[in-house]
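Visitor: If you scroll down you'll find the structure; I have some questions about it.
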Amino acid sequence: MGTPGPVVAAPSGTVYDPDTDDVVQAELAAETAAAADREAVVREAQRITAHADELQALRELPALEQTEPPDGDEAARNEPTRRTGGYVRADVDAWLARALAAHLGHYRDPAARKAAADLLPPPALAHAALLAELVRLVPGVDMDQLAFAARLATTEPEATGVPSHRALTDLTEV
């Protein structure tokens, strides 16, 4: 048999109190923090699912185009696709691109536009860049009139003539 580890001698007549044991308190704090982290992950997943449901409902009405995107739409864009297929993502991406180009919703904030460059896929960013460039070239044009050009940018970014690195810089610095 092995030798038992060192035993700390407590004064005679004392009772062990876990509330004063640093090791026990550290373990409890770690468990509490881990539970809070797990709950935050679950809440975020529920928020994304609920927002994806809203996007789907707006898309089906069709009222998505009249809605300004709140913070977090980029995270919610994948959920409808997971449920129903890629055609939903294309609609949501077109909506986000329009909002990004027109600086609608949370995209009014330059930091949100910059973050979108990391969160949205290149076709959506190319779509937004083309819309922004067309609006700049043709002042007063209605964003809805640019739908064909935007679809072209999404499917054939090279056809836009706007290099993607320039387009991203223009969107995030404006």
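The values are calculated or read from the model by the stated rules, or taken from the named source; none is laboratory data. Computed from a prediction, not measured in an experiment: that's the story for all the values here. All Cβ positions, even for glycine, are placed from backbone atoms using ideal geometry, and neighbour counts span all protein chains on display. Quick note on the areas: whole protein, heavy atoms, side chains included, nothing else; ligands and nucleic acids left out. Shrake-Rupley method; radii C 1.70, N 1.55, O 1.52, S 1.80 Å.
Visitor: Keeping all protein chains in position, work out how much accessible area Thr67 exposes to a 1.4 Å probe, and write it in Å² to the nearest 10.
Guide: 40 Å²
Visitor: Right, something else. Estimate the FRET efficiency between Glu54 and Lys114 by the formula 1/(1 + (r/R0)^6), using the beta-carbon distance for r and 25 Å for R0, to the nearest 0.05. Show your work: numbers first, answer last.
Guide: Details: r = 25 Å, r/R0 = 1.00.
Step by step, r from the Cβ atoms, then E = 0.50.
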